[in-house]
Amino acid sequence: MKNKERRPAQRPAAGGYGKARQPEQRSSGTAASASHAKQQPYKPVPSVEKTPAAAAGDQQARTLIVREGDRPAERVPLILESAAAGDFHLIDSGDGLKLEQYGPYRIVRPEAQALWPKALPQHVWDRADAVFTGDTDEDGMGRWRFQREALGETWPLNVLGVDFLGRFTAFRHVGVFPEQIAHWAWMKAQIEAAKRPLKVLNLFGYTGVASLVAAAAGAEVTHVDASKKAIGWARENQALSRLEKAPIRWICDDAMKFIQREERRGHRYDIILTDPPKFGRGPAGEVWHLFEHLPVMLDVCRELLAPDARGVVLTAYSIRASFYSIHELMRETMRGAGGLVESGELVIREGGLDGKTPQRVLSTSLFSRWVPQ
């Protein structure tokens, strides 16, 4: 599942919409053995797939491949900034909170990194439509307080030309992580510039916004998430975006098990997005620990890259580490592949009430991206 906000890992998990971005709710990363199979033709399947139970061999740990050659060139630090886009913008932040605009609604949510004072007067914040209250820890549950009138559970949103549903969940998230817009815009440009349909793999796909952006741009997409409810939400978004006929495979499975089967099948992808939680569980109780399983996950992802692949994007939330930790891991993983590894932070810039008045920048997560050029 793409279990996902700040993210410490906050997506819906095997529990339901309300468990979005929770670490323990994203698909796990139990490893499996890998034997390299002959490449087979890729056949997108439009319906939701529940992959079969793992074979006995899947219980064996896949080991890292010893890579040779030079490490890719590097560009650090790179700050990717997302500002206003479509129906979203960050209005203000401060005092451990953030005030955001999501379509017709203004909402207030906790934000530990907003250490500075609020820029806008308190009466502006007091007019928010919804305020998340409860556990201030990223994984904590709570409830939404509606300031003037009760609001519906869902409402329509649009980002980068894709329609989807916002939803008030019990874990403060609303179904989209806007700092990812920078990655999605990059992916969209890659797909539109290609002279063939690119194949995109979206691991921990959550509510499918990235998958829909890719499909709308012309890609063949494989979306993997361990949560049936997250995939159900993604299918709702697909219908809302009028992309029912788009070539998207919706896979309900543990991410690590799935990619290792893809490796053995010889399937290849042009762009891989992976947004794993710090901790998570798969649909069959598989356990994922980021620091333990991420090296093998990236290693398998490299094996899944097509010869003329366009990139691998890794995002990490709420971990006690520098971006250099995932940067150097990505460079070691891509040793001998050439290209460039660029790493740093994803940030969102405040836009004021109108979304057009640039103010301070709010850091959200770490990322590392390999590109061939």
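We did not get these values from a lab; they are worked out from the coordinates using the rules stated. Note that the structure is predicted; figures quoted are calculated from it, not measured. Reconstructed Cβ throughout: ideal geometry from the backbone, glycine too, with neighbour counts over all protein chains shown.
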* Asked: How would you rank 350-363, 216-229, 330-343, highest first, on the average number of other Cβ atoms within 10 Å across their residues?
  -> 216-229, 330-343, 350-363
* Multiply the residue gap between S363 and E192 by 0.36 nm, knock off their C-alpha separation, and tell me the result in nm, one decimal place. => 58.7 nm
* Give the relative contact order (percent, whole number) for the stretch 63-212; include only Cα pairs under 8 Å separated by 6+ residues. => 16
* Structure fact -> Each label sits 7 Å from Cα toward the beta-carbon; between S322 and A185 the label points are separated, in nm, by 2.8
* Expressed as a rounded percentage, what relative contact order does the stretch 206-275 have, with Cα pairs under 8 Å and six or more residues apart? -> 35
* In what sequence, highest mean first, do 208-214, 364-370, 154-160, 240-246 appear when ranked by Cβ atoms within 10 angstrom? -> 208-214, 364-370, 154-160, 240-246
* To do: Return the inverse of the average 1/r over all pairs of distinct C-alpha atoms in the stretch 80-224, which is the Kirkwood hydrodynamic radius, in Å to one decimal.
  => 16.5
* Which shape class applies to the stretch 301-373: rounded if a/c is under 1.5, otherwise prolate when a/b exceeds b/c and oblate if not, where a ≥ b ≥ c are the square roots of the Cα gyration tensor eigenvalues? -> prolate
* **Size of electric dipole in the stretch 291-373: Cβ of Lys, Arg +1 and of Asp, Glu -1, about Cα centre, debye, nearest 20** => 200
* **Phi-based couplings in Hz for the stretch 321-337 (Karplus 6.51, -1.76, 1.60; Gly and Pro marked x)** => 7, 7, 4, 4, 5, 7, 4, 5, 4, 4, 5, 5, 4, 9, 4, x, 8
* Asked: What dipole magnitude, in Debye to the nearest 20, does the stretch 235-373 give about its Cα centre under +1 on Lys/Arg Cβ and -1 on Asp/Glu Cβ?
  -> 200
* Structure fact -> Relative contact order of the stretch 306-373 (C-alpha contacts under 8 Å, at least 6 apart) in percent is 45
* Asked: Given a Förster distance of 35 angstrom, what is the FRET efficiency for R349 paired with D126, based on the Cβ-Cβ distance and rounded to 0.05?
  -> 0.90
* Structure fact -> Beyond 28 Å (Cα-Cα) in this structure, taken from K118/K356; K228/K278; K118/K228; K195/K278, we find K118/K228; K195/K278
